Amino acid sequence: MGIPIPEFKILLYGPSFHSAGTRARARFEGNALAISSRYGFFLVPPERITLRTGGYDGRQWLIDWTERDATYSAMLQSAEALEAFIQLAPANLARQLGQARKRQTNAGRHVRIVPTLFALIALLLLGQVLLWANADRLGKWAVSHISTEQEQRLGELGYAQLLPSLKLKRHGLALAAVESIGKRLAGEFNFTYHFHVAVDPEINAYALPGGSIVVNTGLLKEAASAAELAGVLAHLISHVEQRHTLRTLMHAQGWRATLGAITGDFSGAGWSNMAVHLSSLSYSREQENEADKVGLEMLRRAGITPHGMESFLLRMVERQAKLPTLLTNHPAGKERLANLRAAIARQPTDDLYPIGIDWEHLQAEL
């Protein structure tokens, strides 16, 4: 039996990859960097590697290379990954390693003043009025500077703030069903998802940044089948994967929270009242349509019928005037329903597999 080759975790970026990056594993095979990901395998010789550091404190190390006229980047995801890379890197990279360490040291010397300078420059150049006049554009820019690890930390903080107001089901058919369908949908994505069921009569379900999903018992009573629940969950997971939830939350929290998120500081007053917004984030029409489209593809890959998403949305449209929160946060107009139906019609016909849940029994237990 051969000795296993040490690996380290990276976040991989490329021209056709998800904008938030995709998780992958890397190792050195001889002097070449070998990367395995769901997008394929890369074998990068050291002479094509460029090292650089990023982040406000220089702690983000990135490995760049060009292949077939396309540029790729791999970000070392943790201190352990960085240490492994430094120890395993071949001698050909010694000069670049030394330069990267020097840049990191220099950045660390100024780390305490950078957030303050960043905030002052932002305020001087933009001003509060200009900032929110361009909120959507600035929100996209800010999200692009926040790593998935930072977003997960933010989601954990938000869930901790929200938890005292929730009466959660810790066991039972409802929780088992939500977890089972959620895991079937989530697969290999950028975040690790956690599913919760809250005892609440309001017809609502919502996502937190970083992958926590909360479903109210009121929604489970309203859903006519497991396929309808699957449609709701696919829609919510899509909001997280497309980073709509993070962008919308930052806009709701204000500019101080946005600056804190960019610098990795979630301890300030800007994030102290997240729980007020988390269950009632209002997504744009564009975000809703995108979440429907991505959610349909998620359902297709999981072998679940897309018509559950359609039938639930149809019922919401018919009852729109009577529903308080769900449709305020997830607009369910006729235009969105028409777009959804058109997207379903364009989908390829794949094999579908039933969801093994006794829905009547589940609802009777609520």
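Within the range 199-212, how many residues turn out to be closer than 21 Å to residue 152 by Cα and either surrounded by fewer than 21 Cβ atoms within 10 Å (Cβ to Cβ) or of a type outside the set (S, T, N, Q) (or both)?
Taking the range 199-212 and keeping what is closer than 21 Å to residue 152 by Cα, we get 205-212.
Imposing the further condition that a residue be either surrounded by fewer than 21 Cβ atoms within 10 Å (Cβ to Cβ) or of a type outside the set (S, T, N, Q) (or both) reduces the set to 205-211.
Adding up the residues that qualify gives 7.
So, in the range 310-348, exactly how many residues are modelled with pLDDT of 80 or more and among the β-branched types (Val, Ile, Thr)? Show your work before the answer.
Let us first name the residues in the range 310-348 that are modelled with pLDDT of 80 or more, namely 310-318, 334-348.
Remaining after also requiring among the β-branched types (Val, Ile, Thr): 317, 344.
Looking only at that region, the number is 2.
Which of the residues spanning the range 339-366 are among the small types (Gly, Ala, Ser) and either within 14 Å of residue 226 (Cβ to Cβ) or more than 27 Å from the chain's Cα centre (by Cα) (or both)?
So the first thing to find is which residues in the range 339-366 are among the small types (Gly, Ala, Ser), and the list is 342-343, 345, 356, 364.
Matches in the range 339-366: 345, 356, 364.
Please work out if residue 97 is assigned by TED's automatic domain parsing to the domain that holds residue 48 and either assigned to a helix (DSSP H, G or I) or at pLDDT below 70 (or both). Lay out the reasoning, then the answer.
Values: assigned by TED's automatic domain parsing to the domain that holds residue 48: yes; either assigned to a helix (DSSP H, G or I) or at pLDDT below 70 (or both): yes.
Answer is yes for this residue.
Just one of 249, 259, 236 is assigned to a helix (DSSP H, G or I), in contact with a strand residue (DSSP E or B) (Cβ under 6 Å, 6 or more places away or on another chain), assigned by TED's automatic domain parsing to the domain that holds residue 142 and of a type outside the set (Gly, Ala, Ser); which is it? Reasoning before the result, please.
Values: 249 fails: in contact with a strand residue (DSSP E or B) (Cβ under 6 Å, 6 or more places away or on another chain); 259 fails: in contact with a strand residue (DSSP E or B) (Cβ under 6 Å, 6 or more places away or on another chain).
Matching residue, one of 249, 259, 236: 236.
Kindly indicate the residue of the range 150-180 that is among the aliphatic types (A, V, I, L, M) and not in a helix (DSSP H, G or I) and also modelled with the lowest pLDDT among those meeting that condition.
Start the filter on the range 150-180 by keeping residues that are among the aliphatic types (A, V, I, L, M), which leaves 154, 157, 160, 162-163, 166, 168, 173-178.
Next, from what is left, pick out any that are not in a helix (DSSP H, G or I): 166, 168.
Numbers: 166: 91, 168: 94.
This residue is 166.
The values are calculated or read from the model by the stated rules, or taken from the named source; none is laboratory data. The shown structure was predicted, so the numbers you read here are calculated from the model rather than taken from an experiment. Here Cβ is always computed from backbone atoms with ideal geometry, including for glycine, and neighbour counts include all displayed protein chains.
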